[in-house]
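Written out below as structure tokens is the structure these notes cover.
Laboratory data are not the source of any read-out in this text; all were calculated from the coordinates shown. This structure is a prediction, so every number in the text was calculated from the model and none was measured.
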Amino acid sequence: MLAFSLLTLVIARVHPGRPVLIAYLLSTLVLLAVGAVAVTQLVLRADLEEAELRLTTVPAVVATFGMACTLAAALALGAMVVVVAPGLLVTQDVTPRILAAAVMLLALANLLALVGCHRGWLRQLTNDTPSD
């Protein structure tokens with residue numbers, strides 16, 4: 001998070017030219033991948049009981065709902081910009097392709113979050129059934 005914040009500060013100081021934005025996007029993707037791997041390794045190596053893992057269900061659902069609201073807001077904003085002020089999509093920093101890419105990334109993140117929640121619920125259901 002600190003590296004991302006520092007990188008954002010540097011980018012804010014530099015004119016957003018194409019090579020700088022591509023480097024920023026690539027570094028953001030690398031930071032996200034490293035963060036995802038780190039969290040995954042933390043969970044896999046942790047010695048958590050089943051009851052402790054159940055406590056993560058509610059925050060996961062809340063986060064997934066928040067992500068869905070973000071996707072809906074991005075779609076609504078995009079639709080309003082296209083209808084009300086289509087000239088805003090033809091600027092130096094924003095194009096229809098960037099808007100479409102952002103919405104697709106949000107949709108992919110929502111899909112992955114829903115799959116994760118679904119797998120967690122299935123695991124809880126299979127572990128809750130009494131075995132004879």
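Just so you know, the averaged projected area of the alpha carbon convex hull for the stretch 49-132 sits at 6.9 nm².
3J(HN,Hα) along the stretch 62-77: 5, 5, 5, 5, x, 5, 5, 5, 5, 4, 4, 5, 5, 5, 5, 4 Hz, from the Karplus curve 6.51 cos²θ - 1.76 cosθ + 1.60 with θ = phi - 60°, whole Hz, x for Gly and Pro.
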